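Quick notes on the structure that follows.
The values are calculated or read from the model by the stated rules, or taken from the named source; none is laboratory data. Fair warning: this is a prediction, and the values are worked out from it, not measured in the lab. Every residue, glycine as well, gets a Cβ built from its backbone with ideal geometry; the counts of neighbours run over all protein chains shown. Quick note on the areas: whole protein, heavy atoms, side chains included, nothing else; ligands and nucleic acids left out. Shrake-Rupley method; radii C 1.70, N 1.55, O 1.52, S 1.80 Å.
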Amino acid sequence: MQHTMTVLVENRPGVLARVSGLFARRGFNIESLAVSSTDDPSISRMTIVVAGEDNVLEQITKQLRKLVDVAKVLDYQDIPIVQRELAMIKVNAEATKRAEIMQIADIFRAKIIDISEKTFTVEVTGSNEKVNAITNMLSPYGIIELVRTGRIAMMRGEKTP
Amino acid sequence: MKLTGAQALLECLKREGVDTIFGYPGGYVIPLYDCLYDFPAIKHILVRHEQGAAHAADGYARATGKVGVCLATSGPGATNLITGIATAYMDSIPMVAITGQAKTTALGKDAFQEADTTGITMPITKHNFLIKKVADLPEIVAKAFHIARTGRPGPVLIDVPQDILNGHLDYKPVEKVEIPSYKPNTEGHPMQIRKAARAIASAKRPVLYIGGGVISSGASREVVELSERTHILVTTTLMGKGAIPESHPHSLGMLGMHGTAYANYAVAHADLLIAVGARFDDRVTGKLDAFAQKAKVIHIDIDPTEVGKTVHVDIPIVGDCKSVLTDLLKKVEPKVASEWNEQIMKWKNEYPLCYKKSTDGLNPQYIIEQINKVTDCGAIIATGVGQHQMWSSQYINCTFPRQFISSGGLGTMGFGLPAGIGAKLGCPDKDVFVIEGDGSIQMNIQELMTAVAYGIPVKIVILNNKYLGMVRQWQELFWKRRYSATNIEAQPDFVKLAEAYGAVGMRIEREDQVEEALKKAMEINNLPVVMDFHILREENVYPMIPAGQSVEDMMGHK
Ligand SMILES: Cc1ncc(C[n+]2csc(CCOP(=O)(O)OP(=O)(O)O)c2C)c(N)n1
Ligand SMILES: [Mg+2]
């Protein structure tokens, strides 16, 4: 079962190593990890996507809370959230295929943000599923490079972690 | 007050109540060592290997309950501490390790004797710090001690670059430590405590399973009171030894792989297991699916990650053992001894802890019984790791908490001697016996010099079987007696070795010499004594539940 969690940590050197080290050491698998600063400069925010049974997730949550630099851990299981991921996809785009690719991009409300003689670079934002879907659609043309940010998420409504 | 970083560091240690530190100097920490001259209240013990410093600080902490402090230089000094830090981490021992480091400006550039000490120690410390600004020093030291001694205790490392030691700051003592992201929960949830009291009231076959958390939170008295009020019998782990006097009629001794048969039978048949400050280690549980299968589980522990980590818990209570037990005692009604108690006593009579006295060699178990006798069960015991450790855990009769000092979680050979030195310095009024194997003692034998240099009269018992006995036992039982690399007949003459260090040496080969030797050792109060007991070479530790198996697979009980 996939879980999305938000981890608020002290914005200090080495904190990322503590968190990723914990996952590696305890055999938990990170599916994606997005880190950045927040409106409070002393706090960084990590959005971590992990897969595991409930008991594993419980361990992960507790182990994270145990780290001295971790201020807050929230597993969004059963909490309504909005979630987004951004991807950039560099795809083969010979002249004959360009119209088709632009059409696909349109359907996914993706943008073409760079162009060369042989390629397009497509930017898409949305759920993981949406990014997967456009990736699948573009792969027959030959994807040359793909980069995804990993998921970020927020609770719906007024609530914050 | 204007101070250098080095002065401020020692000032902070003094404020934390540190009276003894164990260390070894090197280039980057010379400023700190120089400064020691000005702090006579802090006694520095110069060990002969940094591993010895870490274990000694650990032994000091285990014996006293205070934070143990060790100090090493950067690079190799710091890496030599690693085994000692990991040992303390696995057993939740409060310790602060201070390491020197290259200058902040040189960090990351492979400077001479630079090692990524905070990186290396991340998985084996409760937390660690690298001081990058001298002004941060007082706060970091205060935080380190606070983290080490609160919640679930553990080692904390502070890495101090040389320019920090030489830098200057306007020193103000830290009055209050504030770490917003670190707030251990000490009080148990009242509803959970009520549930536990109800479960205890209705249980027919309850057992108390006590671990090191009871020792570290100072909850022994509460455990004994709970047991006496409810007539629930008590088994302890290696780390919990001493939580209840082992001569108490309610004590079942240790459980697990080399635990007593009756403690393991009790747990196997229990309908309620009350785990306090214990973590269901595999050396305790054996095969998980077969462990305490019929029992509902109450688990009291300060560390939420331990609750539900390996076994399913019915009534989790997160909190400090002493605080939770105190609250629980307000709710628990007296119970009388039942058929269940009789049943356990029957097992105890039927399958007592025992050994066969040999006529052509010295039994290690006999030697340990004699230690009980000559010390009147009052000495602190520090052990190495191996068969001798397990015989000690079985036959040493503990009468008070913090009496039995042994590396449980990591199982670190070489722990006994330095830990015993630390314990003796922490508790100078107590006798300290170090029980070591002929293999284990050689892993930190150099600390004999430390003990001689400071006149620390630890009494070292070597149970010498000329084997890496515990490994040999497994080879005998599970590997067709193929004793690959476990024969250590090639060994020094320990008497001569002791004498070379300036200690007292004795060699004991017969039963009739045992008591006399121990008594003689008890009379020597200014030097360590090494007693080299030549024991039966192939004596085994029994009973034994082989790794990953269950109580049904127990070997060698009666
Ligand atoms: C540092 C370290 N290395 C290896 C081991 C594995 N080991 C566990 S017990 C043991 C044998 C110990 O031999 P000895 O000290 O003579 O004690 P005995 O078992 O003979 O009483 C070994 C090698 C260990 N626990 N620690
Ligand atoms: Mg041996």
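If you take the square roots of the eigenvalues of the alpha-carbon gyration tensor of segment B:190-350 and sort them as a ≥ b ≥ c, do you get rounded (a/c under 1.5), prolate (a/b over b/c) or oblate? Verdict is rounded for segment B:190-350. With kT/(6 pi eta Rh) evaluated at 10 °C and eta = 1.306 mPa s, and Rh the Kirkwood radius from Cα pairs, segment B:364-534 diffuses with a coefficient of 100 µm²/s according to Stokes-Einstein. Where both bridge residues fall in the protein assembly as shown, DSSP classifies roughly 45% of the beta bridges as antiparallel. In the frame of its principal axes, chain B has Cα extents of 70, 61, 42 Å, reported largest first. For segment A:82-153, state the average projected area of the convex hull of the C-alpha atoms over all orientations, rounded to one decimal in nm². Computed as one quarter of the Cα hull surface, the answer is 4.2 nm².
Looking at segment B:364-534, send over the antiparallel percent of its DSSP beta bridges, to the nearest 5. Antiparallel bridges make up about 5 percent of those DSSP assigns within segment B:364-534.
On association of chains B and A, roughly 1300 Å² of accessible area becomes buried (total for both chains; probe 1.4 Å).
Using the Karplus relation 6.51 cos²θ - 1.76 cosθ + 1.60 with θ = phi - 60°, the per-residue 3J(HN,Hα) values for segment A:113-125 come to 10, 8, 8, 9, 4, 10, 9, 10, 10, 9, 10, 9, 10 Hz, with x marking Gly and Pro.
Here's the list of lysines a cross-link from B:K558 could span, going by alpha-carbon distance under 19 Å and ignoring same-chain residues fewer than 8 apart: B:K346, B:K348, B:K356, B:K357.
Scalar couplings 3J(HN,Hα) for segment A:6-22, obtained by applying the Karplus form with A = 6.51, B = -1.76, C = 1.60 to θ = phi - 60°, are 10, 10, 9, 10, 4, 7, 9, x, x, 5, 4, 5, 4, 6, 5, x, 4 Hz; x denotes Gly and Pro. Taken per residue, the accessible surface of segment B:190-350 reaches 38 Å², heavy atoms only and a 1.4 Å probe. Where the accessible area of segment B:456-531 is counted over protein heavy atoms with a 1.4 Å probe, how much of it, in %, is carbon and sulfur? The value for segment B:456-531 is 51 percent carbon and sulfur by accessible area. The C-alpha radius of gyration of chain A, expressed as a fraction of 2.2 N^0.38 Å, stands at 1.22.
For chain B, the antiparallel share of DSSP beta bridges with both residues in that region comes to about 5%. Only helical runs count toward this figure. For chain B, summing -39,500 (n - 2.57) over DSSP H runs of n ≥ 4 and dividing by all residues gives -10500 deg cm²/dmol at 222 nm.
Longest stretch of chain A clear of exposed loop sites (trypsin sites (Lys or Arg not before Pro), DSSP loop, at most 14 other Cβ atoms within 10 Å, sites excluded): A:27-108. Hey, what D do you get for segment B:23-89 in µm²/s if you plug the Kirkwood alpha-carbon radius into Stokes-Einstein at 10 °C and 1.306 mPa s? Answer from the Stokes-Einstein relation: 130 µm²/s. Taking only the Cα atoms of segment B:127-180, the ratio Rg/Rh comes out at 0.98, with Rh defined as the Kirkwood radius. Taking every DSSP helix (H) stretch of at least 4 residues in chain A, weighting each as -39,500 (n - 2.57) and dividing the sum by the residue count yields a mean residue ellipticity at 222 nm of -8500 deg cm²/dmol. For the protein assembly as shown, the spread of Cα positions along the three principal axes, ordered from largest to smallest, is 100, 65, 55 Å. The H on the amide N of B:L130, modeled in the peptide plane, is under 5 Å from the matching H of B:D159, each at least 5 residues off or on a different chain.
Whole-Hz Karplus values for segment B:202-218 come out as 8, 5, 9, 10, x, 9, 8, 10, 10, x, x, x, 5, 5, 5, 8, x Hz, taken residue by residue from phi with 6.51 cos²θ - 1.76 cosθ + 1.60 and θ = phi - 60°; glycine and proline positions read x.
Checking the Cα-Cα distances for A:K66/B:K172; B:K294/B:K331; A:K66/B:K287; B:K143/B:K172 against a 18 Å cut-off, the pairs over it are A:K66/B:K172; B:K294/B:K331; A:K66/B:K287. In the context of the full set of protein chains, chain A has a per residue accessible area of 56 Å² (1.4 Å probe). Put simply, the C-alpha atoms of segment A:2-75 give a gyration tensor, and the ellipsoid matching it has half-axes of 20, 12, 11 Å, longest first.
Within segment B:219-311, the proportion of C-alpha pairs whose separation exceeds 17 Å stands at 46%.
Counting only Cα atoms, segment B:230-271 measures 25, 23, 13 Å along its principal axes, largest extent leading.
Scanning residues 5 or more positions from B:R205 or on other chains, those with amide H under 5 Å from its amide H are B:D271, B:L272, with H placed 1.01 Å from N in the peptide plane. For A:A71, nonlocal amide neighbours, meaning residues 5 or more places apart or on other chains whose placed amide H falls under 5 Å from its own, are A:L8, A:V9, A:E10. Taken over the Cα atoms of segment B:2-170, the convex hull encloses 92 Å³ per residue.
Placing a pseudo-label 7 Å from each Cα along the Cα-to-Cβ vector at B:L477 and B:D376 gives an inter-label distance of 3.7 nm.
Report, in whole Å, the centroid distance computed from the Cα atoms of segment A:1-57 and segment B:481-558. Using only Cα atoms, the two centres lie 49 Å from each other. Extension gain for B:M1 to B:Q293 (0.36 nm times residue separation, less C-alpha to C-alpha distance): 98.9 nm. As a length-normalised measure over Cα pairs under 8 Å and 6 or more apart, the relative contact order of chain B settles at 14 percent.
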